[in-house]
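Worksheet for the structure shown next.
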Amino acid sequence: MQPQDFQNLMKSVFDTVAEGAVDQALAGRLNETYPTGSDKVSEIEQACLTAIDAGWMCAEGAEGRRFGRVIEASSDTHNLSVDVVQLKDIVGPHHIHPTGEVCLTMPQDAGAKFDGQGAGWCVNDPGSGHFPTVTDGEALVLYLLPGGEINFTGKKPPSD
């Protein structure tokens, strides 16, 4: 699995995202078209694991919080970038999604959740922000950003 192979694998997902607005209806369409356990989601997950093992995906960070952009936004991707993070029981850095964010959560531990959601697709609306949080184990999260836009704010997570 090389980066171009991964981009080719993602083509139908890019096409689906490009069909409409980045909103909650998109999350529904993605979960219907590419549900958890489907061949496509299984292929994406296996491709991520293979690429991580090869060292070109999630190449930044350290154990418990690995990350990296694997595809830049371009006309070939309908102007969507792709980042993949491998997180384990962590609250990540606060950021804002100027143009929205489309996420695929792939739990690696049974019961692991990303922002309170288990396996599947979710959408963060344009202008939204959050501290990306994985609980109950480890998860891979693939996220698509229209225009590759993400703004890290430097906000500190709330104390317990």
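The values are calculated or read from the model by the stated rules, or taken from the named source; none is laboratory data. These numbers come from a predicted model, not from an experiment. Note: ideal-geometry Cβ built from the backbone for every residue, glycine included; neighbour counts use all protein chains shown.
Quick one: in the range 114-124, which of the residues that are out of contact with any His (no Cβ under 7 Å at 6 or more places or on another chain) and either hydrophobic (A, V, I, L, M, F, W, C) or farther than 18 Å from CYS48 by Cα (or both) is surrounded by the fewest Cβ atoms within 10 Å (Cβ to Cβ)? Before you say what the answer is, go through the steps one by one.
Residues of the range 114-124 out of contact with any His (no Cβ under 7 Å at 6 or more places or on another chain): 114, 116-123.
Pick out the ones that are also either hydrophobic (A, V, I, L, M, F, W, C) or farther than 18 Å from CYS48 by Cα (or both) and you get 114, 116-117, 119, 121-123.
Numbers: PHE114: 25, GLY116: 8, GLN117: 14, ALA119: 18, TRP121: 26, CYS122: 20, VAL123: 23.
Taking the candidates together, the pick is GLY116.
Taking the residues in the range 24-42 that are surrounded by 14 or more Cβ atoms within 10 Å (Cβ to Cβ) and touching a residue at least 24 places away in the same chain (Cβ under 8 Å) as candidates, determine which candidate is farthest from GLN86 (Cα to Cα).
LEU26
Of all residues in the range 51-77 being assigned to a helix (DSSP H, G or I) and out of contact with any helix residue (DSSP H, G or I) (no Cβ under 9 Å at 6 or more places or on another chain), which is surrounded by the fewest Cβ atoms within 10 Å (Cβ to Cβ)?
Pass one, the range 51-77, residues assigned to a helix (DSSP H, G or I): 51-54, 75-77.
Within this subset, residues satisfying the condition of being out of contact with any helix residue (DSSP H, G or I) (no Cβ under 9 Å at 6 or more places or on another chain) are 52-54, 75.
Working: ILE52: 18, ASP53: 10, ALA54: 12, SER75: 6.
Step by step, filter the range 51-77, then rank; the result is SER75.
On the basis of being closer than 22 Å to ALA18 by Cβ and of a type outside the set (D, E, K, R), does THR135 make the cut? If you could, list the steps in order and put the result at the bottom.
Details: closer than 22 Å to ALA18 by Cβ: no; of a type outside the set (D, E, K, R): yes.
Judged against the criteria, THR135 is not a match.
Does the range 1-19 contain any residue that is more than 20 Å from ALA119 (Cβ to Cβ), of a type outside the set (D, E, K, R), in contact (Cβ under 8 Å) with a residue 40 or more places away in the chain and in contact with a Gly (Cβ under 8 Å, 6 or more places away or on another chain)?
no
Kindly evaluate GLY127 against the criterion of being modelled with pLDDT of 95 or more and either under 26 Å from THR16 (Cα atoms) or surrounded by 15 or more Cβ atoms within 10 Å (Cβ to Cβ) (or both). Working first, answer last.
Working: modelled with pLDDT of 95 or more: yes; either under 26 Å from THR16 (Cα atoms) or surrounded by 15 or more Cβ atoms within 10 Å (Cβ to Cβ) (or both): yes.
Yes.
Quick one: LEU87 ticks every box in (1) outside any strand (DSSP E or B); (2) surrounded by 17 or more Cβ atoms within 10 Å (Cβ to Cβ); (3) of a type outside the set (Asp, Glu) bar one, so which box is it?
(1)
Please enumerate the residues belonging to the range 52-84 that are in contact with a strand residue (DSSP E or B) (Cβ under 7 Å, 6 or more places away or on another chain), over 28 Å from GLU19 (Cα atoms) and among the aliphatic types (A, V, I, L, M).
Of everything in the range 52-84, those that are in contact with a strand residue (DSSP E or B) (Cβ under 7 Å, 6 or more places away or on another chain), over 28 Å from GLU19 (Cα atoms) and among the aliphatic types (A, V, I, L, M) turn out to be ILE52, ALA59.
Among the residues of the range 25-47, how many are touching a strand residue (DSSP E or B) at 6+ places or on another chain (Cβ under 6 Å) and in a helix (DSSP H, G or I)?
Filtering the range 25-47 for residues touching a strand residue (DSSP E or B) at 6+ places or on another chain (Cβ under 6 Å) gives 26-27, 30-31, 36, 45.
Filter once more, keeping what is in a helix (DSSP H, G or I): 26-27, 30-31, 45.
So the answer is 5.
Restricting the search to the range 95-126, which residues are within 17 Å of LEU80 (Cα to Cα) and either of a type outside the set (A, V, I, L, M) or out of contact with any helix residue (DSSP H, G or I) (no Cβ under 9 Å at 6 or more places or on another chain) (or both)?
Within the range 95-126, ILE96, HIS97, PRO98, THR99, GLY100, GLU101, CYS103, TRP121, CYS122, ASN124, ASP125, PRO126 meet the criteria.
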